[in-house]
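Beneath this line is the structure, given in structure tokens, with notes to follow.
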Amino acid sequence: MTDQSENSQLRDTTTQTRQLFVKHLKEDNFVLFFQPIVPAPLNSPEPSLREILVRYREEEEDLLPPGSFLPLLQEEGLLPILDRWVVGRLLTWGRTVQAGGVKMPHCSVNLSIDTIRRDDQFGDYVLRGIQKMGVSAAALTFEIMTVDALAHQQAVARFIQPLRSAGITFAFSWFAGEEQAFGLAAMLGVSMMKLDGSFAVMVKKYPQEKAKLGAIIQRCRKMGMRTVCMQVEDAETLAHLRTLHVDYVQGFGIEKPKALEGF
């Protein structure tokens, strides 16, 4: 009897959390930000990309970082709902931008492994949204954490194939040079590798890490994959990365996140 009571209480708590979360979405208590992903070479003709970020507005002007709410949503199995909201809001914004005569910029969206594994209709949702809003599939990149891609290879492969065929590109994030990940990325047609942020922290101080990073970048280039170095915080780090010929850089030392609306 006790087990049944505890299970019932758990279901009630999950239901209440879900209802509250959906209520916050409807009331626009979540907002989209973006952080530029900028070409590393000087005078590069390549355009910048935008990584889309989510912020939760707890009070009228008090924005909290994602770490304050994402663990709870993950625990309650609610990240697929958030991923749908992010993509839907982004595509709506894209339609508004294009209505003003400006092409929607290339945007990169992080996806949870829960969405990839459990939301069988997410791919169809994305494709319907692209068609409805009249934006280009080529303007979207979906980021998948390397550790998740390696742990759930079959689910990731099933997810990527139809969306990639439609023109959406994919990136592995927090990539540290794992041998298996090179093979998986090549097999799936992943076009971008976002390098583990620890490289940017260590590249100034540890020659062996700089050499390792340089080898990873060169191997990615030979395989036709672009590279992004995250967490670039200062000009000295950027200078080191340029000598390694990384394709893109991202971090507070490049540009801080901004609210998406209005840009």
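The values are calculated or read from the model by the stated rules, or taken from the named source; none is laboratory data. Nothing here was measured: the structure is a model prediction, and the numbers come from that model. Virtual Cβ from ideal backbone geometry, glycine too; neighbours counted across all protein chains shown.
Identify, please: which residue in the range 23-40 is in contact with a helix residue (DSSP H, G or I) (Cβ under 7 Å, 6 or more places away or on another chain) and not in a strand (DSSP E or B) and is, among those, nearest to Leu72 (Cα to Cα)? Only one residue tops the list, namely Leu25.
Checked against the criterion of being in contact with a Phe, Trp or Tyr (Cβ under 8 Å, 6 or more places away or on another chain), touching a residue at least 60 places away in the same chain (Cβ under 8 Å) and assigned to a helix (DSSP H, G or I), the candidates Ile116, Ile81 yield just one match: Ile81.
Taking the range 92-134 as the range and being in contact with a Lys or Arg (Cβ under 7 Å, 6 or more places away or on another chain), over 27 Å from Tyr248 (Cα atoms) and of a type in the set (Ser, Thr, Tyr) as the test, only Tyr125 passes. Taken together, the residues in the range 191-202 that are part of a helix (DSSP H, G or I) and buried (at least 22 other Cβ atoms within 10 Å of the Cβ) amount to 2. When residues in the range 92-117 are screened for being loosely packed, with under 15 Cβ neighbours inside 10 Å and closer than 19 Å to Arg164 by Cα, 0 of them pass.
Within the range 203-237, the set of residues being under 22 Å from the mean Cα position of the chain (by Cα), in a helix (DSSP H, G or I) and buried (at least 16 other Cβ atoms within 10 Å of the Cβ) comprises Leu213, Ile216, Ile217, Cys220. Of everything in the range 238-247 that's part of a helix (DSSP H, G or I) and hydrophobic (A, V, I, L, M, F, W, C), which residue is nearest to Phe199 (Cα to Cα)? Going through the qualifying residues, I end up with Leu241.
Here's the yes/no breakdown for (1) at pLDDT 70 or above; (2) hydroxyl-bearing (Ser, Thr, Tyr); (3) over 18 Å from the mean Cα position of the chain (by Cα); (4) loosely packed, with under 12 Cβ neighbours inside 10 Å:
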position	(1), (2), (3), (4)
Asn7	no, no, yes, yes
Leu10	no, no, yes, yes
Val22	yes, no, yes, no
Phe33	yes, no, no, no
Pro36	yes, no, no, no
Pro39	yes, no, no, no
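Starting from residues that are touching a residue at least 24 places away in the same chain (Cβ under 8 Å) and touching an Asp or Glu at 6+ places or on another chain (Cβ under 8 Å), keep the ones in the range 249-263 and report whichever is surrounded by the most Cβ atoms within 10 Å (Cβ to Cβ). The extreme case among them is Gln250. Of all residues in the range 163-188, those satisfying the criterion of being over 20 Å from Asp124 (Cα atoms) and either surrounded by 14 or more Cβ atoms within 10 Å (Cβ to Cβ) or at pLDDT below 95 (or both) are Phe172, Ser173, Trp174, Phe175, Ala176, Gly177, Glu178, Ala181, Phe182, Leu184, Ala185.
Of all residues in the range 149-162, those satisfying the criterion of being surrounded by fewer than 20 Cβ atoms within 10 Å (Cβ to Cβ) and either of a type in the set (Asp, Glu) or part of a helix (DSSP H, G or I) (or both) are Leu150, Ala151, Gln153, Gln154, Ala155, Ala157, Arg158, Gln161, Pro162.
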